[in-house]
Amino acid sequence: MSPVFPMLTVLSMFYYMCLRRRARTATRGEMNSRRAIESNTRALPINVEIVQYAKEVLDFSSHYGSENSMSYTMWNLAGIPNVYPSSGDFTQTAVFRTYGTWWDRCPSARLPFTRTPSTFCSQDYVELAFEEPVYPTAVHILETYHPGAVVRILACSANPYSQNPPAEVRWEILWSEAPMKVNGPQARQFTPCIKQINFPTNLIRLEVNSSLLDYYTELDAVVLHGVKERPVLSLKTPMIDMNDIDEDEDEEKFACGMDTLNKQFSIVTLREWPTNGYFDKLPYELIQLILSHLTVPDLCRLAQTCKLLYQHCCDPLQYIHLSLQPYWARINDTSLEYLQSRCTLIQWLNLSWTGNRGAISVSGFSRFLKVCGSELVRLELSCGHFLNETCLEVITEMCPNLQELNLSSCDKIPPQAFNHIAKVGSLKRLILYRTKVEQTALLSILNFCSELQHLSLGSCVMIEDYDLIASMMGAKCKKLRSLDLWRCKNITESGIAELASGCQLLEELDLGWCPTLQSSTGCFTNLARKLPNLQKLFLTANRSVCDTDIEELAANCTHLRQLDILGTRMVSPASLRKLLESCKDLSLLDVSFCSQIDNRVVLELNANFPNVFIKKSFTQ
């Protein structure tokens, strides 16, 4: 049969439906009028709105504060507001680790994954539990400093306080929007218009993107409004008309007929034209290039269209670099099994944020790596709370070519499990931020992974002697280019001396909130003299940094791009001028809470050095 006839049938059915809709317009108008009257006269069911603050912080990707205190930590989001409606920099708020684009412009910055959908821009998240499951009617976020970072609000069907976990965990987006630049750092109550969902929730997730902010965003509290019973009727929602139900049923039948007809039409088309149109005339490589611009879900959909595109969409070359982080809420063992045959050549894999609450099992993850791990070079597993010792053992056995491993905020991995990482001697980047790695395992890693170039040990609180760690780095890790020691509590001038002598290729060093370092010992001047390639140096909250240290940096570290000396009381405007005159590439200078640097000085420096972002924080 000619393929023209099915097309005519499709058009005829569509035309018939349009005529049917038009013929019923008058009746429908009368019914709508009657509905409006009835809806005003009927009493709505009593459904009292419940207002509650977060009871508990369940999970988060990062925070500015320490693991052993409450200052600047995500745990401050639990309970009633501490600061709001005041504005400014307060320790009682929740603060994420980064802001702006500075972290993307330093030596430790990682290359982004391609194929990330434009709708996904989240960089950090925090999950909050509330006492009562409700159908959400509003979410209020109290932002007290540099608002505008929240980009998504999600609700979960799982009750964190239930003894019986659900068979299926669902996440629904209540609100989503691209990051926005808010004029001014003042406090505000952010209340986006959220959509209704069909299940009660007491688990809310906020996702943030701070790339447009001039400083750290600070959140004080989150308020969840909701009702216990699912809203059915309201004055804004017309009552259901029986005619609508009939019509919906007709349209469902029509849709089913369309599906059947489309299948028949496709069969006819394929029988009449056995080729694939112009795609048959294109080189294989060109089709591959075209498809490389599609996201993973689009590839999966396109694979269902024809045999040729199915072959292209399943080609392992399309999955050399694969990021599943944007789809974290939907990734499970079944997803990995489905992708397994397509990922035999995969080199970069991002499973960050995925697999939590039982979505990915240890066995499912292990099966995937046993098939797809041989070519892996980069593996991102940030916040993967399903990971255990077995998973790390599988990684080290199945990924012999691994060069980059990110275990940031994988705080459920037991300390002894990190010993397995020492087996991967090819590692060049290792991120252990907020993990439970212990000293013995770390010494073993440093001893056997001498190719390390980038190492993050920020907020690793179970390491007893950072001087010993620094000494091992100086002896074994000669190629180290970036080192994050954020909030390490016990490194001294001795460890810094060993580090500076052995790792002279260092371009980035974060010693923020390291209270045992004192300028009087000469540790900072020693750094400046031994590490001329420094581009980023964070000495955040070290009160002892003085003019001598700044002048040594000006004399020796002329490639410096980012410097954080927040909180020092001993740096004068004169030494900062010398630094700015000497370091022509400097783009970020944080002098917040530096007692000798007032707003007048900042304005003067900004006028004379317009290419430098000079940050001066405040508290009201």
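The values are calculated or read from the model by the stated rules, or taken from the named source; none is laboratory data. These figures come from a predicted structure and were not determined experimentally. With ideal geometry, Cβ positions are generated from the backbone for all residues, glycine too; neighbour counts draw on all protein chains shown. Just the protein is used for accessible areas: all its heavy atoms, side chains included, with ligands, DNA and RNA removed. Shrake-Rupley method; radii C 1.70, N 1.55, O 1.52, S 1.80 Å.
Can you tell which of Leu339, Leu289 is assigned to a helix (DSSP H, G or I), over 23 Å from Cys121 (Cα atoms) and in contact with a Leu (Cβ under 8 Å, 6 or more places away or on another chain)?
Criteria check complete, one pass: Leu339.
Condition check for Val134 on (1) among the aliphatic types (A, V, I, L, M); (2) in a loop (DSSP other than H, G, I, E, B); (3) more than 24 Å from His63 (Cβ to Cβ): one failure, at (2). Filtered by the rule that a residue be polar (S, T, N, Q) and in a helix (DSSP H, G or I), the range 462-485 gives a lone residue, Ser471.
When the residues of the range 436-460 are filtered to those that are open to solvent by 10 Å² or more (accessible area, probe 1.4 Å) and in contact with a strand residue (DSSP E or B) (Cβ under 7 Å, 6 or more places away or on another chain), which remaining residue is nearest to Cys514 (Cα to Cα)? Taking the candidates together, the pick is Ser456. If the condition is being in contact with a His (Cβ under 6 Å, 6 or more places away or on another chain) and over 17 Å from His385 (Cβ atoms), then the range 329-370 contributes only Trp348.
Kindly provide the set of residues from the range 461-486 that are open to solvent by 10 Å² or more (accessible area, probe 1.4 Å) and touching a strand residue (DSSP E or B) at 6+ places or on another chain (Cβ under 8 Å), ordered by number. Arg481, Asp484 - these are the residues of the range 461-486 that are open to solvent by 10 Å² or more (accessible area, probe 1.4 Å) and touching a strand residue (DSSP E or B) at 6+ places or on another chain (Cβ under 8 Å).
Among the residues making up the range 342-357, those that are out of contact with any helix residue (DSSP H, G or I) (no Cβ under 9 Å at 6 or more places or on another chain), part of a loop (DSSP other than H, G, I, E, B) and under 25 Å from Arg110 (Cβ atoms) are Gln347, Asn356.
Residues in the range 180-214 that are out of contact with any Asp or Glu (no Cβ under 6 Å at 6 or more places or on another chain) and of a type in the set (Phe, Trp, Tyr): Phe199 only.
Residues that are under 28 Å from the mean Cα position of the chain (by Cα), of a type in the set (Val, Ile, Thr) and either outside any helix (DSSP H, G or I) or modelled with pLDDT under 95 (or both) within the range 301-336 comprise Ile320, Ile331, listed in sequence order. Is it fair to say Leu588 is outside the structural domain of Gly88 (by the TED database), open to solvent by less than 20 Å² (accessible area, probe 1.4 Å) and closer than 24 Å to Thr217 by Cα? Judged against the criteria, Leu588 is a match. For the range 586-616, the tally of residues that are out of contact with any strand residue (DSSP E or B) (no Cβ under 8 Å at 6 or more places or on another chain) and either in a loop (DSSP other than H, G, I, E, B) or under 14 Å from Asp214 (Cα atoms) (or both) stands at 9. Among the criteria (1) in a loop (DSSP other than H, G, I, E, B); (2) crowded, with 20+ Cβ neighbours inside 10 Å, the one Asn76 does not fulfil is (1).
Being polar (S, T, N, Q) and either in contact with a Cys (Cβ under 6 Å, 6 or more places away or on another chain) or surrounded by 16 or more Cβ atoms within 10 Å (Cβ to Cβ) (or both), is that true of even one residue in the range 122-130? Within the range 122-130, one or more residues are polar (S, T, N, Q) and either in contact with a Cys (Cβ under 6 Å, 6 or more places away or on another chain) or surrounded by 16 or more Cβ atoms within 10 Å (Cβ to Cβ) (or both). Within the set Val151, Val139, the sole residue that is in contact with a Cys (Cβ under 8 Å, 6 or more places away or on another chain) and crowded, with 17+ Cβ neighbours inside 10 Å turns out to be Val151.
Exactly one of (1) among the small types (Gly, Ala, Ser); (2) over 25 Å from Arg105 (Cβ atoms); (3) open to solvent by 60 Å² or more (accessible area, probe 1.4 Å) is unmet by Ala574. Its number? Failed condition: (3). Within the range 183-195, residues that are without any contact (Cβ under 8 Å) to a residue 12 or more places away in the chain have Cβ atoms under 9 Å from residues that are open to solvent by less than 30 Å² (accessible area, probe 1.4 Å) and among the polar types (S, T, N, Q) in these pairs: Gly184/Ser87, counting only partners at least 6 apart in sequence or on another chain. Of all residues in the range 177-187, those satisfying the criterion of being out of contact with any Leu (no Cβ under 8 Å at 6 or more places or on another chain) and either buried (at least 17 other Cβ atoms within 10 Å of the Cβ) or among the aliphatic types (A, V, I, L, M) (or both) are Ala178, Val182, Pro185. Only one of Glu229, Glu172, Glu132 is without any contact (Cβ under 8 Å) to a residue 60 or more places away in the chain and either in the same structural domain as Trp102 (by the TED database) or more than 21 Å from the chain's Cα centre (by Cα) (or both); which? Matching residue, one of Glu229, Glu172, Glu132: Glu172. Listed conditions (1) buried (at least 16 other Cβ atoms within 10 Å of the Cβ); (2) under 35 Å from the mean Cα position of the chain (by Cα); (3) farther than 19 Å from Leu539 by Cα are all met by Ile614, apart from (3). Being under 21 Å from Cys121 (Cα atoms) and touching a Leu at 6+ places or on another chain (Cβ under 6 Å) is a property that does not hold for Leu302.
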